[in-house]
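These notes concern the structure reproduced below.
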Amino acid sequence: MATTASSRAAQGAASPTESAASRAASTTPGERSPFARTAELLAPYQPGQPLITLSLGEPQHPPPDFVGQILSQHINEFRRYPMARGIEPFRRTAANWLSTRFDLPRAIDPETEILVLNGSREGLFFAAIAAARYVAPRKGTPAILVPNPLYPAYGAGARAANCETVFLPTTRANGFLPDLDALDEATLARTVAIYLASPANPQGAVASRDYFSRLIALARRYGFLVLSDECYSEIYTRDAPGSALECAGPDYANVVAFQSLSKRSNLPGLRVGFVAGDRNFLAAFHELRNVAAPQVPVPLQHVAVAAYGDEAHVGENRRLYRLKFDLADQILGHRYGYSRPAGGFCIWLDVSAHGGDEAAAIKLYKEAGIRVVPGSYLARQQADGSNPGAGYIRLALVADTETTAEALHRLVKTLG
């Protein structure tokens, strides 16, 4: 069945457990934080055991040892306004890292094909606005395609770009990635950009080279941009995920990839990442960011230079996540449809047989002291009224191994 637009669809009907304010907000077009909605859902209750928070995907492993020393060495550079494109050592180091990490058609040019970002989130948001200005006129109402469930910045970017948001359901049936065969001609002809997360948040699915190649071929045929969110690419326990840039050809036309140190290096508070790829789009993107986007402080870029130049701390990071997924394999088994994800640090559990996602989240909080996010809060209502996140809960395995094991045991005991 062809996918058609769901015009700025509401997030879904409010449950009886939500407050009046939440019900009003949830029927307003646009995006609300799933964490704010979770807080409202759980506000009437108290945790039944000492609280373990698995709702927020905020890395808790130690940051690299060199962070403090490098910041102190460059402390005086906080007095400088940073350049929007980033300092040359950062761009060169990030470009070298890409060439080392991925099998690229050619090396990224640090002068024209890479920009520093205040973390990937602001870049993903502003990219939608830049894309809407950059592409040729569309045949119909301009649209931006987003996976559903989605990272809220995608929907916010589409709305800020004054584009119709088309939600593409990512379900078990389609491997938790958008079904490219379901896209109809009319939708593709008016598409400005498509967001793709690989590894996907929350399901951890990873796009194959064939998938990337098919998507890029569509982008070039219809003249839209692929905004590839790869911020989880360094968190995996088996095979290293690939990049859309590997399949973009030597000109990287129509493709940009977003990276961040938040997950890779346990530096969510540093707010440093980058975007790389299509030089023509990045020139236009730079013009917008130069007047509208937050600049990245120079000392933080120096920390990023060291971080992208060191793989030892990244390997240790992966080892710690691997231990926690080993625990999940042992404790969860095949309950709740669990299977070890290909990437990322989240678990996507089917609790439809346990009263649904909101009911399960409340039960886990009240009885087990575990805070999780209802899957429907991470998704949006489709045009047919369905919500592809409904019936699931998301757990972020960011705590230490002992805490993770305790939380998983409590979950199984509570849900059965």
- Whole-Hz Karplus couplings 3J(HN,Hα) for segment 191-206, θ = phi - 60° and coefficients 6.51, -1.76, 1.60, Gly and Pro as x, run 6, 8, 7, 10, 8, 9, 9, 9, x, 6, 10, x, 8, x, 5, 10
- Task: Would you mind checking segment 134-150 for residues with the amide N under 20 Å from a putative spin-label position 7 Å along Cα→C-beta of residue 189?
- Result: 135-145
- Item | Proximal lysine pairs, the chain, alpha carbons under 26 Å, eight or more residues apart or interchain | 6
- Message: So, taking all protein chains as they sit and a 1.4 Å probe, how much accessible area belongs to residue 141, in Å² rounded to tens?
- Response: 80
- Task: Please say if segment 119-207 is rounded, prolate or oblate, where rounded means a/c under 1.5 for a ≥ b ≥ c the square roots of the C-alpha gyration tensor eigenvalues, and otherwise the choice is prolate for a/b larger than b/c and oblate otherwise?
- Result: oblate
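Kindly provide the helix-only [θ] at 222 nm of the chain, computed as the sum of -39,500 (n - 2.57) over DSSP H runs of four or more divided by all residues, to the nearest 500 deg cm²/dmol? Walk me through the numbers on the way to the answer.
Working: 14 runs with 153 residues, N = 416.
Taking each H run of at least 4 residues, the total per residue is -11000 deg cm²/dmol.
Going by a ≥ b ≥ c, the root eigenvalues of the Cα gyration tensor, does segment 234-376 fall in the rounded group (a/c under 1.5), the prolate group (a/b larger than b/c) or the oblate group? Mind showing how you got there, number by number?
Details: a/c = 1.98, a/b = 1.86, b/c = 1.06.
Verdict is prolate for segment 234-376.
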- Query: residue 357 accessible area, nearest 10 Å², 1.4 Å probe?
  - Reply: 10
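To the nearest 0.05, how large is the calculated FRET efficiency for residue 111 and residue 162 if R₀ is 22 Å and r is the Cβ-Cβ distance?
On the way: r = 32 Å, r/R0 = 1.45.
E(calc), rounded to 0.05, equals 0.10.
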- Note on the structure: The simple spin-label model distance between residue 221 and residue 283, using points 7 Å out along Cα→Cβ, in nm, is 2.8
- Task: Assuming R0 = 51 Å, can you tell me the calculated FRET efficiency for the pair residue 326 and residue 36, based on Cβ-Cβ distance, to the nearest 0.05?
- Result: 0.95
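Specify whether the C-alpha gyration tensor of segment 30-171 places it in the rounded, prolate or oblate class, a ≥ b ≥ c being the square roots of the eigenvalues: rounded for a/c under 1.5, otherwise prolate if a/b is larger than b/c and oblate if not. Please report the intermediate quantities before stating the final value.
Numbers: a/c = 2.00, a/b = 1.10, b/c = 1.82.
Because a/c hits 1.5 or more and a/b fails to exceed b/c, segment 30-171 counts as oblate.
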- Message: Are there any trypsin sites (Lys or Arg not before Pro) in segment 23-129 that are in a DSSP loop and have at most 14 other Cβ atoms within 10 Å? List them by number.
- Response: 80, 106
- residue 103-residue 69 pseudo-label distance in nm [points 7 Å out on the Cα-to-Cβ vector]: 3.7
- Under-5 Å amide H pairs with residue 164, H placed in peptide plane, nonlocal only: 143, 144
- Query: So how exposed is residue 278, as accessible area in Å² (1.4 Å probe, rounded to 10)?
  - Reply: 10
- Each label sits 7 Å from Cα toward the beta-carbon; between residue 319 and residue 80 the label points are separated, in nm, by 3.6
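The values are calculated or read from the model by the stated rules, or taken from the named source; none is laboratory data. This is a predicted model, so every value here is computed, not measured. Every residue, glycine as well, gets a Cβ built from its backbone with ideal geometry; the counts of neighbours run over all protein chains shown. Please note that ligands, DNA and RNA were not included when accessible areas were found on the heavy atoms of the full protein model with its side chains. Shrake-Rupley method; radii C 1.70, N 1.55, O 1.52, S 1.80 Å.
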